[in-house]
Amino acid sequence: MRTYHQIKDLRAHLRVSWQSGRVIGFVPTMGALHDGHRSLIRKARTECDEVVVSIFVNPTQFGPQEDYSKYPRTLEADSRMAQELGVDAMFAPPAEVMYPFGPDATVEVGPLTTHWEGACRPGHFRGVTTVCAKLFCIIQPRYAYFGMKDYQQYRVVERMVADLHMGLSVVPVPTVREADGLAMSSRNAYLSPEHRATATCLHQALNKAAALHSAGERDAAILREAMHARLSGERDVEIVYADVADAQTLEPVSAVTGPAVALGAIRLGSTRLIDNIVLP
Ligand code: PAF
């Protein structure tokens, strides 16, 4: 596996694949790779001829008070994992390679970004879609693999790709969880042992909503109430949101009449965690 830091070098490597019609699968990441990323890469490896992984802590998707500077950077360990998983090329550009003019040209997806993460983190999705658009232009993959833990991100990127006719497919990959249900995330590394034990409450709250939904409950207020009830007694937990949305539009719903998703975000000390469960 080769690691590239410059666009022209990665492109020189990919030219053969583009010309010979080899199927390129792309896994965009911010590094600090864990089992969630492992499952994205494995899926790409089984479905594609050439697998490219990017490692780029994208400054434009972090707010001024967020964790950009302390976000874990573990390039060596990431390279080892990628190598073991049979990745063909890793792309780890410096910020000035990705943003040679600063964030001049940006990509924004409208209504899907109105609620949830979009509402809590202004500009976040603009940063995500802009960097994904750049990466898709550079790599020109046939498939790009996204974890369902960031459900709204997956839907927003999927819409960008469809609306801008980018000519690739966004493949959702199920969330990988720890044994106690906590969704794998690079940010879990920030949790103290005590907060790590508490963190599973988010998954449990979402499971409560899913259990009520499977039992026939369709009133979103009741599902929301059940999630809040599970989270509200927990020490150091601040509920950012725990609610039910339409699975396609991400609009909040009052009654679950079609595919929906229960989504939650909590702050646990200084760590922000998100998770979701699809209500079929
Ligand atoms: O999910 C992530 O790790 C990031 O948002 C992504 C898709 C790599 C864009 O920076």
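If the condition is being part of a helix (DSSP H, G or I) and basic (Lys, Arg), then region 172-208 contributes Arg187, Arg196, Lys208.
From Ala183, Ala189, grab the single residue that is hydrophobic (A, V, I, L, M, F, W, C), over 17 Å from Phe26 (Cα atoms), open to solvent by 30 Å² or more (accessible area, probe 1.4 Å) and within 16 Å of the ligand (Cβ to nearest atom). Going through Ala183, Ala189 in turn, just one is hydrophobic (A, V, I, L, M, F, W, C), over 17 Å from Phe26 (Cα atoms), open to solvent by 30 Å² or more (accessible area, probe 1.4 Å) and within 16 Å of the ligand (Cβ to nearest atom): Ala189.
Applying the criterion of being more than 10 Å from the ligand (Cβ to nearest atom) and under 27 Å from Arg177 (Cβ atoms) to the residues of region 129-144, the residue that is least open to solvent (accessible area, probe 1.4 Å) is Pro141. Restricting attention to region 20-30, the residues that are of a type in the set (Ser, Thr, Tyr) and either near the ligand (Cβ under 9 Å from one of its atoms) or part of a loop (DSSP other than H, G, I, E, B) (or both) add up to 1. Checking the structure you have, find out if any residue of region 59-66 is within 15 Å of the ligand (Cβ to nearest atom) and among the charged types (D, E, K, R). Yes.
Go through the residues of region 77-94 one by one and say whether even a single one is among the polar types (S, T, N, Q), open to solvent by less than 40 Å² (accessible area, probe 1.4 Å) and closer than 30 Å to Glu251 by Cβ. Taking every residue of region 77-94 in turn, none turns out to be among the polar types (S, T, N, Q), open to solvent by less than 40 Å² (accessible area, probe 1.4 Å) and closer than 30 Å to Glu251 by Cβ. With respect to the stated conditions, Val52 fails to be in contact with a Lys or Arg (Cβ under 8 Å, 6 or more places away or on another chain), aliphatic (A, V, I, L, M) and on the phi < 0 side of the Ramachandran plot. The C-beta contact set for region 48-75 (first residue under 30 Å from Ser20 (Cβ atoms), second residue open to solvent by 20 Å² or more (accessible area, probe 1.4 Å) and assigned to a loop (DSSP other than H, G, I, E, B), distance under 6 angstrom, 6+ apart or interchain) comprises Cys48/Val23; Asp49/Arg22; Asp49/Val23; Glu50/Arg22; Glu50/Asp88; Val51/Asp88.
Screening the candidates Thr113, Thr74 for the property of being within 15 Å of the ligand (Cβ to nearest atom), open to solvent by 40 Å² or more (accessible area, probe 1.4 Å) and over 24 Å from Arg15 (Cβ atoms) yields one hit, Thr74. Within region 116-128, the set of residues being in a helix (DSSP H, G or I), closer than 19 Å to Ala245 by Cα and more than 11 Å from the ligand (Cβ to nearest atom) comprises Gly118, Ala119, Cys120. Quick check: is even one residue across region 229-242 open to solvent by 60 Å² or more (accessible area, probe 1.4 Å) and within 17 Å of Gly181 (Cβ to Cβ)? For region 229-242, residues open to solvent by 60 Å² or more (accessible area, probe 1.4 Å) and within 17 Å of Gly181 (Cβ to Cβ): present.
Considering Asp104, Asp88, which residue is closer than 27 Å to Tyr4 by Cβ, in contact with an Asp or Glu (Cβ under 6 Å, 6 or more places away or on another chain) and more than 15 Å from the ligand (Cβ to nearest atom)? Spell out the reasoning first.
On the way: Asp104 fails: in contact with an Asp or Glu (Cβ under 6 Å, 6 or more places away or on another chain).
Answer to the selection: Asp88.
Of all residue pairs spaced 6 or more apart or on separate chains, those with beta-carbon atoms under 6 Å, a first member in region 246-270 that is under 16 Å from Arg155 (Cβ atoms) and a second member that is surrounded by fewer than 13 Cβ atoms within 10 Å (Cβ to Cβ) and of a type outside the set (Asp, Glu) are Ala247/Pro259.
Among the residues of region 31-51, those identified as in a helix (DSSP H, G or I) and β-branched (Val, Ile, Thr) are Ile41, Thr46.
The set of residues in region 35-77 being over 28 Å from Gly118 (Cβ atoms) and not basic (Lys, Arg) consists of Thr46, Glu47, Cys48, Asp49, Glu50, Val51, Thr74, Leu75, Glu76, Ala77.
Filtering region 1-52 down to residues that are under 21 Å from Pro100 (Cα atoms) and under 14 Å from the mean Cα position of the chain (by Cα), which residue is surrounded by the fewest Cβ atoms within 10 Å (Cβ to Cβ)?
First, the residues of region 1-52 that are under 21 Å from Pro100 (Cα atoms): 3-12, 28-30.
Filter once more, keeping what is under 14 Å from the mean Cα position of the chain (by Cα): 28-30.
On the way: Pro28: 23, Thr29: 22, Met30: 19.
Among them, the one singled out is Met30.
Tell me, yes or no, whether region 162-171 has at least one residue that is assigned to a helix (DSSP H, G or I), open to solvent by 50 Å² or more (accessible area, probe 1.4 Å), hydrophobic (A, V, I, L, M, F, W, C) and more than 12 Å from the ligand (Cβ to nearest atom). Yes, region 162-171 contains at least one residue that is assigned to a helix (DSSP H, G or I), open to solvent by 50 Å² or more (accessible area, probe 1.4 Å), hydrophobic (A, V, I, L, M, F, W, C) and more than 12 Å from the ligand (Cβ to nearest atom).
Here Val97 fulfils each of the conditions (1) part of a helix (DSSP H, G or I); (2) β-branched (Val, Ile, Thr); (3) surrounded by 15 or more Cβ atoms within 10 Å (Cβ to Cβ); (4) touching a Lys or Arg at 6+ places or on another chain (Cβ under 8 Å) apart from (4).
The values are calculated or read from the model by the stated rules, or taken from the named source; none is laboratory data. Remember, predicted model here, so these are calculated numbers, not experimental data. Neighbour counts run over all protein chains shown; Cβ positions are idealised from the backbone, glycine included. Surface accessibility is based on the protein's heavy atoms, side chains included, excluding ligands, DNA and RNA. Shrake-Rupley method; radii C 1.70, N 1.55, O 1.52, S 1.80 Å.
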